[in-house]
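A short worksheet on the structure shown next.
Rule-based calculations on the coordinates, nothing more; no lab input. If you're wondering where the values come from, they're calculated on a predicted model, not measured in any experiment. We place every Cβ from the backbone using ideal geometry, glycine too, and count neighbours over all the protein chains shown.
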């Protein structure tokens, strides 16, 4: 099935975020991990820390920016999905974990500024 322009832009934003994080030394464990509780965009390794990365993209800030779109409900879904991941992929279960958000506002094809918030759920 062909993808919509919105889905294509979302994939481009995710690829852009992945490239940036890999340039910063993180290693990809898995991408677009699905379970009954939701999806994890990127699961990466930063040293010995498992990093659950939510990539948020907004072409326009009319309904708020990308970073603001990770609300309490979205955080809860990500936490549940991460718990499922750690149960299914038990060899990571004893590793330290954190949640990061990569927010991209603008056209990902034009390399817009990227806002990487580490430990995004601790604030």
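List of remarks:
- All Cα-Cα distances of region 5-122, cut into 10 Å bins from zero to the largest, leave 14, 47, 33, 6, 0 percent in each bin in turn.
- Relative packing of 19-32, 43-56, which averages over residues the other C-beta atoms within 10 Å, highest first: 43-56, 19-32
- Ranked for footprinting exposure by Cβ neighbours inside 10 Å, fewest first, 33, 116 give 116, 33.
- The DSSP beta bridges internal to region 5-122 are antiparallel in roughly 60% of cases.
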